[in-house]
Amino acid sequence: MSSSDQIESLLKEGRVFEPNPDFAAQAHVKSAAEREELTRAAREDPEKFWAGIAGDLHWFEPWSEVLEWKVPFAKWFVGGKTNIAYNCIDRHCESWRRNKAAIIWEGEPGDSRVLTFADLQREVSKCANVLKGMGVEKGDRVGVYMPMIPELAITILACARIGATHSVVFGGFSSDALRDRMNDAEAKVVVTADGGFRRGGVVDLKVNVDKAIDECPTVESVLVVRRTDSKVAWKEGRDVWWHDRMAEADDVCPAEPLDAEHPLFILYTSGTTGKPKGVVHTTGGYMVHTYATSRWVFDLKDEDTYFCSADIGWVTGHSYLVYGILANGATSVMYEGAPNYPEPDRFWQIIDKYGVSIFYTAPTAIRSFIKWGSEWPRKYRLDRLRLLGTVGEPINPEAWMWYHREIGHERCPIVDTWWQTETGGILVTPFPGATPTKPGSATLPIPGLEMEVVDKDGNKVGANQGGFLVIRRPWPGMMRTIYKDPERFKQQYWSQVEGSYFTGDGARQDEDGYFWIMGRVDDVMNVSGHRLGTMEVESALVGHEAVAEAAVVGRPDEVTGQAIEAFVSLEGHHQASDELAEELRKHVAKEIGSFAKPAKIRFADALPKTRSGKIMRRLLRDIASGKETVGDTTTLEDLSVLAKLRDDEE
Ligand code: WTA
């Protein structure tokens, strides 16, 4: 399906699903009127509104001011002292939840562990003491490059407990990508594992760490969890085993009272340049935002078993597998491996086995489930499910309907949640007991959020007109800056439309005020829900000696949302060949990670450019998506001719 087909079908979508009355009756927010009342209160006095929610949580010292706003720099809960790990763990250990499951974990080989809140308190405290013993102090950065095992959640919570800023790098990134991020963050310690299990094989994380850390002067030591029992190289004096240190560590480590604006984590994300941005989130506002949205959107109750299939290497795992969910005292299910290992029914098996009641996943995963066939979920009892969610990319109405029918059995509301690494938490979403849903629309902004669709001059456009999605006022979970680069933060997010936050997404608002997200309007791709910059892949390609120039575009793909297609011109003495195409794909995997491998490489004598020398991306996108017929050869010699025909358009 091409993107214009997708937009076309979204424009035609007219179905409305009213909240299920049984669901609504028991929900935290029970009706549209109740949601409107929250929205009204938040609009009238946003500071009072957010302060009211913050009051549910534990603060060592109260704030003196809810919001200090010096565009574009926000401070929330100024002067307040709190600790997010305390609110996710200790707060519950003071209640009957002490022996309630906090994390239910399943490894890919089928092993399983359950950690109660009290277990988590002990493990996190031990880990915090281990990190301290390695010289980690409040304010230091700790790099985390791990498989989806409980130790990953324990590590980030331990950092939060002592005020070390964690920077998790998704385990699918290459050693080069890890090196660049660790150097930018100036990490003191890296926590990793010997390896992780994925699709029946072993991912050698420690090998990548060894390669990366050789070129990371700030990293003093590496803490290694034994997971796969793989043979690993060992550097005495630098590498230490997790199990050795944990065995000796004291299991008491009180949570440090931290300033509300103390940096909680840095998470690198792709932008429009070749260099990923270190998105900085702080403690108090992020905690309040993820806590509140987890409650409104997932309607968390003490009886729930919640399963988010995202990796903690991405923001969804930070906010809605760990922080927001545990802050509510809910049980979070964590799975290590692939959804189709050993068979394409693994998620349904997990949902059946643990009695999952809330399931949060990505549209790209749903499209894979559809491809694998409805017979897989039909083998399992999914009757404990009561709520479904999606995140990461626009969901096409067909996928929405399949999810509704085959997984939700037409009983479960679906929450399509729009947000970004930068926003910290969910911003546009249905409330499951309150908001009528329309397949393909993320519906309405959360209370307190002023969001608009505008033209390039920043003027609000009319109903059903497309434009840029912007936010007019600060919200608690918003990113505070780009690490070490406040100028770039200002320029990239707050100067496109003066004084407003620019999301980089295109959208329209329908006659009911519902938002329909149309996807990125900048050079950012979304491949299987993974965010990637075209420039990042281009700079990886031109780093190869055979490549003179490269242009990368995302083309629509039925399963992955977008697929990467690269147009490459070669240095004089190199010849285009299938072997070279394969070599270039491998080169990108080495530079960034396998998930960034172009689906297709097309060689061209020269890349088409406008008179002013800009690469004609729109033409390349049309070629990649088959709208411009150039034959299906991988070598395009006549691009310059096409370019001449189109020169005036770009
Ligand atoms: C896209 C993921 C449509 C969007 C949490 C955004 C969505 C980017 C949705 C952020 C949705 C996310 N509907 N598009 N429900 N959710 N997106 O930083 O383009 O990995 O800008 O954060 O994903 O991706 P990121």
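The values are calculated or read from the model by the stated rules, or taken from the named source; none is laboratory data. Please read all numbers here as calculations on a predicted model, not as lab measurements. Because the Cβ atoms are built from the backbone with ideal geometry, glycine has one as well, and the counts that use them run over all protein chains shown. Heavy atoms of the whole protein, side chains included, go into the accessibility calculation; ligands, DNA and RNA do not. Shrake-Rupley method; radii C 1.70, N 1.55, O 1.52, S 1.80 Å.
Points to keep in mind about this one:
- Residues that are open to solvent by 40 Å² or more (accessible area, probe 1.4 Å) and touching a residue at least 60 places away in the same chain (Cβ under 8 Å) do occur in the range 490-509.
- Considering each residue of the range 488-503 in turn, at least one proves to be within 10 Å of the ligand (Cβ to nearest atom) and either under 24 Å from H281 (Cβ atoms) or modelled with pLDDT of 95 or more (or both).
- The set of residues in the range 560-573 that are crowded, with 16+ Cβ neighbours inside 10 Å and not acidic (D, E) comprises T560, G561, Q562, A563, I564, A566, F567, V568, S569, L570.
- Looking only at the range 530-540, and only at residues there that are within 11 Å of the ligand (Cβ to nearest atom) and crowded, with 22+ Cβ neighbours inside 10 Å, the one that is farthest from I592 (Cα to Cα): H530
- Single condition D523 does not satisfy, out of (1) more than 12 Å from the ligand (Cβ to nearest atom); (2) at pLDDT 90 or above: (2)
- When residues of the range 541-555 are limited to those that are assigned to a strand (DSSP E or B) and either more than 14 Å from the ligand (Cβ to nearest atom) or among the aliphatic types (A, V, I, L, M) (or both), the one surrounded by the fewest Cβ atoms within 10 Å (Cβ to Cβ): A548
- Residue selected from the range 287-305 under the condition more than 22 Å from P150 (Cβ to Cβ) and not in a loop (DSSP other than H, G, I, E, B), by the criterion most open to solvent (accessible area, probe 1.4 Å): R295
- Residue match in the range 429-436 (condition: more than 11 Å from the ligand (Cβ to nearest atom) and either in contact with a strand residue (DSSP E or B) (Cβ under 6 Å, 6 or more places away or on another chain) or at pLDDT below 95 (or both)): yes
- Evaluated against (1) within 13 Å of the ligand (Cβ to nearest atom); (2) open to solvent by less than 30 Å² (accessible area, probe 1.4 Å); (3) of a type in the set (F, W, Y); (4) touching a Phe, Trp or Tyr at 6+ places or on another chain (Cβ under 8 Å), F468 falls short on exactly one condition, (2).
- When the test is whether a residue is part of a loop (DSSP other than H, G, I, E, B) and small (G, A, S), A212 does not pass it.
- Cβ-Cβ under 6 Å pairs, at least 6 apart or on other chains, the range 144-171 side under 16 Å from T316 (Cα atoms), far side in a helix (DSSP H, G or I) and open to solvent by 10 Å² or more (accessible area, probe 1.4 Å): V169/R181
- When the residues of the range 373-418 are filtered to those that are touching a residue at least 60 places away in the same chain (Cβ under 8 Å) and near the ligand (Cβ under 8 Å from one of its atoms), the one that is nearest to the chain's Cα centre (by Cα) is G392.
- Inside the range 577-596, residues that are open to solvent by 70 Å² or more (accessible area, probe 1.4 Å) and either in a strand (DSSP E or B) or touching a helix residue (DSSP H, G or I) at 6+ places or on another chain (Cβ under 8 Å) (or both) make up a count of 1.
- Criterion: modelled with pLDDT of 90 or more, assigned to a strand (DSSP E or B) and among the acidic types (D, E) - qualifying residue of E538, E565: E565
- P445 within 15 Å of the ligand (Cβ to nearest atom), open to solvent by 10 Å² or more (accessible area, probe 1.4 Å) and farther than 17 Å from I266 by Cα: yes
- G172 being touching a strand residue (DSSP E or B) at 6+ places or on another chain (Cβ under 8 Å) and open to solvent by less than 10 Å² (accessible area, probe 1.4 Å): no
- Among the candidates K597, K586, residue that is among the basic types (K, R), touching a residue at least 12 places away in the same chain (Cβ under 8 Å) and out of contact with any Phe, Trp or Tyr (no Cβ under 7 Å at 6 or more places or on another chain): K597
- Pairs where the first residue, in the range 421-439, is touching a residue at least 12 places away in the same chain (Cβ under 8 Å) and buried (at least 23 other Cβ atoms within 10 Å of the Cβ) and the second is among the β-branched types (V, I, T) and part of a loop (DSSP other than H, G, I, E, B), C-beta under 7 Å, 6+ apart: I426/I446; L427/I446; T429/I446; F431/V29; G433/V29; A434/V29
- Among the residues of the range 306-353, those that are within 16 Å of the ligand (Cβ to nearest atom), open to solvent by 10 Å² or more (accessible area, probe 1.4 Å) and part of a loop (DSSP other than H, G, I, E, B) comprise S309, A310, D311, W314.
- Scanning the range 82-103 for residues that are surrounded by fewer than 23 Cβ atoms within 10 Å (Cβ to Cβ) and more than 20 Å from W59 (Cα to Cα) yields W96, N99, K100, A101.
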